Every structure is written in C-alpha cells, then in structure tokens.
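The values are calculated or read from the model by the stated rules, or taken from the named source; none is laboratory data. All figures in this text were calculated on a predicted structure; none of them were measured in a lab. Neighbour counts run over all protein chains shown; Cβ positions are idealised from the backbone, glycine included. The accessibility values were calculated without ligands, DNA or RNA, using every heavy atom of the protein model including side chains. Shrake-Rupley method; radii C 1.70, N 1.55, O 1.52, S 1.80 Å.
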Amino acid sequence: VVDVIIPVYKSKEETIKCIESVLSAKTNIKYEIIVIDDCSPEQDLTEALRKYAMEQKITLIENEENLGFVKSVNLGMKLHKNRDVVLLNSDTLVPDYWLDRLKIAAYSSKNVATVTPMSNRATILSIPKPNFDNEIPSGFDYKKLDAICQEVNKGTVVDIPTAVGFCMYIKRECLNEIGYFDEERFDKGYGEENDFCLKASSVGWRHVACLDLFVEHHGSLSFGTEKPERVKKALQIINNLY
C-alpha cells in the first residue's frame, strides 16, 4: 500500500477536485489517501473532509492548530512506517494510472529515492515552458497532456537534482535512512524537499523525473502573495547548507 498524503489548508473547490481525481483515477496500486487538515479557517472545507472520512474514502488527521506544511507532511509520513508515500498538493489533478507510473519509475533502480512527474507548474519540470507557471493550453486538459507525455516519453526516466514537492513519490527505504523533513529550518514550507533530496544525494540516492506522466498543478493556493518571500528565505538556507 502507498500512502497518498494531501496536506490541506484552504480552497475547498480545488481540494475536492484533487481528492476526487485521486479517487476516480484508475490504478493497479493499492493506496490510502491521508488528508491532513491543517486547522483550516474554512469550515465548509473541514466539513467536506469529515464527510469523506465518514464514508471511509480518506483517512483524516485534523491539526488543532496550524502547524504548516512541513510538520503536517511529517505527521502523514510517520503514520505507516512501512509504506512508500506520495506527497500531493491539494491543488493538483492526477490522471489514470498515475500512481503506477510513479512506482515503476521509483523501482526502476535500487538507488532511486524520489520521483516527480511533469506538470504545468513544476519549476524545472514545467511544460511547455520550463521554470515558468504555464496555463493549460486552450483546447487541452491534464488528461490530454498526460496522453501526449505517455506517447512521446513512454517509460522515460531522467535524473534531476531534487524532486519538486507538488507531487513527490518517496521510497520508505530512503525515509528510514535520511529521516523526515527538517521542521525547524523550513517551518511553514518551501525548501524542505530540496534539503531532504540533497541529504539523500550525499549518501548515494538519486532523484528522477517520470517524463511519461503529467499532473496538473494550480499553484500557491495556501501561501498566495507570501510565496516570493518564502522562496527567497528557503533559497538562502539551502545555499548556506549546500
């Protein structure tokens, strides 16, 4: 079983679409959706998540106070200490067999630690324009773009310096060796996955991109205008450490 961990704070509509895309996507992989409600200020979102939990569609963890992305994700990753995990932002949409392709890429080599798919907003893995927040082109949706990625890049896995946190498959074997995300240094979020990946790389683990998978990413729903300052602070920490 793979744990699909979705930390949630705001934006009911995007969050519900994300959860529904995971629930409806075809897959041959057994999985459990772990949603962490990080003390959301939106009561209708919290109630919607409780309904999913009552229907046993998700496992819901409700934080009594706002812990931020890093601590919330760590809570999810510590829940089942024998399972691989996927960290999935609540503003993403996943296509059929997304989990299958991530897992195939993860086990394409013993020393692969993390896998990240292509997206419209995923820094170095953004398409059509890298390091750019792309809108989905007119006349397309994430399923059509995924089909193109499958056709053009079938089975293609390439090394990347670090994973991109919006959709990040992590092998449990690597988590056991490296530990969880650094809560003290990276607090509410940004930079924690880079730090984790660089720690892993230093002892021989690899990070790869799964080029035959496209996952849509809306981008920056929780942080909004705070994002540039958070990114700047995280980059300073990363540059000082590595």
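If residue 114 meets every condition in (1) in a strand (DSSP E or B); (2) among the hydroxyl-bearing types (Ser, Thr, Tyr); (3) without any contact (Cβ under 8 Å) to a residue 60 or more places away in the chain apart from one, which number is that one?
Going through (1) in a strand (DSSP E or B); (2) among the hydroxyl-bearing types (Ser, Thr, Tyr); (3) without any contact (Cβ under 8 Å) to a residue 60 or more places away in the chain one by one, residue 114 breaks only (3).
In contact (Cβ under 8 Å) with a residue 40 or more places away in the chain and over 22 Å from residue 67 (Cβ atoms), is that true of residue 231?
no
Quick one: count up the residues across the stretch 118-173 that are small (Gly, Ala, Ser), under 22 Å from residue 18 (Cα atoms) and open to solvent by 20 Å² or more (accessible area, probe 1.4 Å).
Here the count works out to 3.
Mind listing whichever residues of the stretch 86-102 are buried (at least 22 other Cβ atoms within 10 Å of the Cβ) and not in a loop (DSSP other than H, G, I, E, B)?
86, 87, 88, 92, 93, 98, 99, 101, 102, listed by residue number.
Which residue is most open to solvent (accessible area, probe 1.4 Å), if the candidates are limited to the stretch 40-64 and must be part of a loop (DSSP other than H, G, I, E, B), out of contact with any Leu (no Cβ under 9 Å at 6 or more places or on another chain) and more than 19 Å from residue 80 (Cβ to Cβ)?
The residue in question is 64.
Are there any pairs with C-beta distances below 9 angstrom linking a residue in the stretch 158-181 that is free of Cβ contacts under 8 Å to residues at least 24 places away in the same chain and within 22 Å of residue 242 (Cα to Cα) to a residue that is basic (Lys, Arg) and surrounded by 24 or more Cβ atoms within 10 Å (Cβ to Cβ), with the two at least 6 apart or on different chains, and if so which?
none
For the stretch 65-79, how many residues are among the aliphatic types (A, V, I, L, M), part of a helix (DSSP H, G or I) and either in contact (Cβ under 8 Å) with a residue 60 or more places away in the chain or open to solvent by 80 Å² or more (accessible area, probe 1.4 Å) (or both)?
The total comes to 3.
Output yes when any residue across the stretch 207-224 is open to solvent by 60 Å² or more (accessible area, probe 1.4 Å) and touching a residue at least 60 places away in the same chain (Cβ under 8 Å), and no when none is.
Checked against the condition, which is being open to solvent by 60 Å² or more (accessible area, probe 1.4 Å) and touching a residue at least 60 places away in the same chain (Cβ under 8 Å), the stretch 207-224 yields at least one hit.
Of all residues being β-branched (Val, Ile, Thr) and at pLDDT 95 or above in the stretch 208-242, which is nearest to residue 21 (Cα to Cα)? Just the residue, please.
Applying the filter and picking the extreme gives 215.
So, of the residues in the stretch 1-39 that are of a type in the set (Ser, Thr, Tyr) and in a loop (DSSP other than H, G, I, E, B), which turns out to be nearest to residue 213 (Cα to Cα)?
The qualifying residue nearest to residue 213 (Cα to Cα) is 27.
Condition first: out of contact with any Cys (no Cβ under 7 Å at 6 or more places or on another chain) and within 30 Å of residue 150 (Cβ to Cβ). Can you find one or more residues in the stretch 37-52 that meet it?
Looking through the stretch 37-52, at least one residue is out of contact with any Cys (no Cβ under 7 Å at 6 or more places or on another chain) and within 30 Å of residue 150 (Cβ to Cβ).
Wholly within the stretch 155-228, which helices (runs of 4 or more DSSP H) include no fewer than the required count, namely at least 1 residues that are within 29 Å of residue 41 (Cα to Cα) and touching a helix residue (DSSP H, G or I) at 6+ places or on another chain (Cβ under 6 Å)?
In the stretch 155-228, the matching helices (runs of 4 or more DSSP H) lie at 183-186, 192-201.
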